[in-house]
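Written out below as structure tokens is the structure these notes cover.
Only the coordinates and a few stated rules stand behind these numbers; no lab work does. Just so it is clear, the structure is predicted and the values come from calculations on it, not from any experiment. Glycine also receives a Cβ, built like all others from the backbone with ideal geometry; neighbour counts cover every protein chain displayed.
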Amino acid sequence: MLRFPQHDRRGGIVKVLANTPFPEGGRLNRRRWLCAASGLRRAWSEAERRTDPALRESPEEPDGGGRVFQAEAGTPSQNSHAQARAMIYFCTFGCPGRRYSDVVPFCFTLFLVCIGMSILRTLLLLSGLGPALLLAQSVRIPATHTHIEKEGESLYVNYNGTQIPEDLSPPVFTLEEAYGNPKGTRKGIDFDFGPRGLEGTLYYGFVPYGDSKHPQPVYFRKSVAIKEGKASINIADDLQGRYDMVGWEEKEQGTLGFRVVATNGLLLYDGRVSFTGNGPFKVGETIVEGPFVTCVRPDGATIWFQTNARTKAQVEVDGRVFESEKKDTRHEIVVEGLQAATDYAYTVRCGAVSQTFGFRTAPAPGSRSAFTFAYASDSRSGQGGGERNVYGANYYIMKKIMALATFKETAFFQFSGDLINGYLTSVQEIDLQYANWKRAVEPYGHYLPIYISMGNHEALSRGFSDGGSTWITVDRFPYEEESAEAVFARHFVNPRNGPQSEDGAAYDPDPKRQDFPSYEENVFSYTYDNLAVIVLNSDYWYTPNAKAIPLVGGNPHAYIMDQQLAWLETTLAAYENNPNIDHVFLTLHTPFFPNGGHVRDDMWYGGSNQVRPFVAGKGLPKGIIERRDQLLELLVNKSQKVRAIMTGDEHNYARTKVGPETPIYPEDYPESLRIQLSRTIYQINNGAAGAPYYAQEETPWTPFVSGFTTQNAVVFFHVEGDKIEMEVRNPDTLELVDEMTIK
């Protein structure tokens, strides 16, 4: 039974497998028995191989001699039944000295165990742990890492001869579980939140599309209990008559919002389910995320959203219909052929669902009209209870930030990292946290374009633990499907104009294979009128523990690697030569000059230049401060258009003057490595979007820091031609936090 927070992060199926009986005296050691019993690797007999053409010989020798054969992967049930057959053959023909009568009872028991494993495998897949186990034996360790090794299906870190195994703890909760697998009934909708027996409360109410510009669920006066993972909503009896606020009885359709809350009060998920009928009811095609507007251009925009089932969807704008290319659950529809600087309504349709919102196209390049854009970062869960933590995200502050940005009629919003708690090892669990963040901004994201980038809390890793204090994590591989970068790109839509990856760099150990994650949609740039924004990823290929980097490899917090740096140089040069661009803003998660909370790392590390990435066992030539200076050389000395660096990571607001007079080095830093800045720009740090606060610390540049506060904040930049004014507001109290003229 799943209760919160009573959850063992390092328990789960590993204990189940470790306690599985195994035969004594045969040619099958304990490890290989675990592999066979779990369905991860199957040992086969010579006799079975001769009768089953699907079997192929494995090059691996089993302990104690003999030969091992494997089957091509089939469905879980097919594999389990074939496994049972093969193990009976193995026990009969591969266990010398055993009589047939001795073996048969054991084989029958084994057959039942294997059938049970089929059921267990299904449960694992539903829980989110299964995919990690089922894919383990096909995972290739990237050549960029060292001391990460593989024995059979198991990954581990080899630390001075000691094996530190991969942690395979199940996720706390997954997005698939949170969806609730809704089914229509005669009276309403039944929910099943998975086999782990969630206990809690389900709140529900209609979403009144068309009644509000920013529709949200209006919760009914009653709730229902979630018992052993199941709950039911009675639409026919409870939500009829005076409670039918959306006219479902007449239209025979509607959309319910529901909130899943655990027994300890933790808010797990806010969902949507559309239905048709008036008894019996049927769950219909549902827009479960979005729609969102992004990538606004003078001639159009991109509308993206997620549906509960594979379907075709369409967007209608100004009498023209744009359709998704194929049936899918993720829809990214490009709208084009529109007029610049014009307001448009758009309608999204899928199944019986039809929702109408709006957006404004960007001005023509170089129009130099007046506009405002907003900036913030660090909205992971905060303290105080309630909506300050909707599993991983601070709903409370994010909704206030987005409401204020909408009220201020901002043209777009830049949000630069630490959206969620993250630091997870389960793709399915981080899916849930991302979904929660998107739900917080969704009512406003229907209209307001939001550009989103990565921070350290977007980390999705493979973790290795000895069960004690040792905990080593690296960016999750295989990179194409499971890296933090790949999963981030599946959840958001950003411009696709950044570098490819660090593959091809001088330190790439294998130019013929992908050994780094992709930069697609996590490093990019975009323009709006006479402004350009360049977005970097300072937590790319991230290994959180800097002390472990020389052992296993990876990139430390805040380091910009070579290919990304080269792309930045090229992109800056293009904007410098573009007559329609007057202002350039750079944003990344980590400050160049930390002031409170991350003085021990970011691009400073307490004044140490020793920190750097390690690739295939070799450290890169440039340390973190040297790399910071290379960035400053581009932004300050080689550019005349960069106005400010927008950062986060530190959960506070502050502006730092960065110029010729600003001390930026430790006292003992070599003179030969120092650079001289030729002009002044500003670092605007706003990591005050809801994460727990950090107080100010002392640094060499402290005298050049202004406006430091731990209040929640959102920054507005008012751009008009050659002028830029900055205004900072507390979204909770609306008071003015700071203001200045940037240019």
**Report entry** Hz values of 3J(HN,Hα) by residue in segment 402-410 - Karplus curve (6.51, -1.76, 1.60), Gly and Pro given as x
**Finding:** 5, 5, 5, 4, 5, 4, 7, 6, 6
Query raised in the report: In nm, to one decimal, how far is the Ser469 label point from the Glu323 one, both placed 7 Å along Cα→Cβ?
Result: 6.3 nm
**Report entry** In sequence order, calculated HN-Hα J values of segment 417-434 (Karplus, 6.51, -1.76, 1.60; Hz; x Gly/Pro)
**Finding:** x, 6, 5, 10, 5, x, 6, 10, 10, 10, 4, 5, 6, 5, 4, 5, 5, 4
Query raised in the report: Going down the list Lys438/Lys641; Lys399/Lys641; Lys638/Lys723, which pairs span over 30 Å between their C-alpha atoms?
Result: Lys438/Lys641; Lys399/Lys641
Query raised in the report: Using a ≥ b ≥ c from the Cα gyration tensor of segment 419-509 (square roots of the eigenvalues), is it rounded, prolate or oblate, where a/c under 1.5 gives rounded and otherwise the larger of a/b and b/c decides, a/b for prolate?
Result: oblate
Report task. Go ahead and collect, in residue order, the members of segment 247-282 whose backbone nitrogen is under 16 Å from a label point 7 Å along the Cα-Cβ direction of Ala225. Result -> 261-265
Requested in this report: Please give the peptides 701-711, 595-605 ranked by average Cβ packing (other Cβ atoms within 10 Å per residue), highest first, as a rough proxy for protection.
Outcome: 595-605, 701-711
Query - Gyration tensor verdict on segment 638-690 (Cα atoms; rounded if a/c is under 1.5, prolate if a/b is larger than b/c, oblate otherwise) - result: oblate
Requested in this report: With r as the distance between the Cβ atoms of Lys512 and Thr263 and R0 = 60 Å, compute the FRET efficiency 1/(1 + (r/R0)^6) and round to 0.05.
Outcome: 0.70
Query raised in the report: What ranking of Glu151, Glu429, Glu249 emerges when the number of other C-beta atoms within 10 Å of each C-beta is taken as an exposure proxy, fewest first?
Result: Glu151, Glu249, Glu429
Query raised in the report: Using a ≥ b ≥ c from the Cα gyration tensor of segment 645-727 (square roots of the eigenvalues), is it rounded, prolate or oblate, where a/c under 1.5 gives rounded and otherwise the larger of a/b and b/c decides, a/b for prolate?
Result: oblate
Requested in this report: Could you please report the charge total around Phe220, scoring K, R as +1 and D, E as -1 over all other residues with beta-carbon less than 14 angstrom from its beta-carbon?
Outcome: +1
Query - Karplus 3J(HN,Hα) series, Hz, for segment 560-572 with 6.51 cos²θ - 1.76 cosθ + 1.60 (x for Gly, Pro) - result: 9, 7, 4, 5, 5, 4, 5, 5, 4, 4, 5, 5, 4
Query raised in the report: Quick one: if you stick a label point 7 Å off each Cα along the C-beta vector at Ser367 and Arg186, how many nm between them?
Result: 5.9 nm
**Report entry** Mean Cβ neighbour count within 10 Å, used as a protection proxy, ranking 392-399, 288-295 highest first
**Finding:** 392-399, 288-295
Query raised in the report: Of Lys326/Lys512; Lys230/Lys312; Lys183/Lys227; Lys408/Lys743, which pairs sit farther than 27 Å apart, going by alpha carbon to alpha carbon?
Result: Lys326/Lys512; Lys230/Lys312
Query raised in the report: Which FRET efficiency value, to the nearest 0.05, do you get for Lys251 and Ser706 by plugging their Cβ-Cβ distance into 1/(1 + (r/R0)^6) with R0 = 45 Å?
Result: 0.20
Query raised in the report: Which FRET efficiency, nearest 0.05, do Glu633 and Ser354 yield, Cβ-Cβ r, R0 56 Å?
Result: 0.60
Query raised in the report: Using the count of nearby Cβ atoms within 10 Å as a rough guide to exposure, how do Ser501, Ser154, Ser138, Ser369 rank from fewest to most?
Result: Ser138, Ser369, Ser154, Ser501
Query raised in the report: With labels modelled as points extended 7 Å from the Cα through the Cβ direction, what inter-label distance (nm, one decimal) is found for Asp343 paired with Glu725?
Result: 2.3 nm
Query raised in the report: So which lysines pass the test for Lys547, namely a Cα distance under 24 Å, with those fewer than 8 places away in the same chain ruled out?
Result: Lys150, Lys618, Lys622
**Report entry** Relative exposure of Ile430, Ile189, judged by other C-beta atoms within 10 Å (fewest first)
**Finding:** Ile189, Ile430
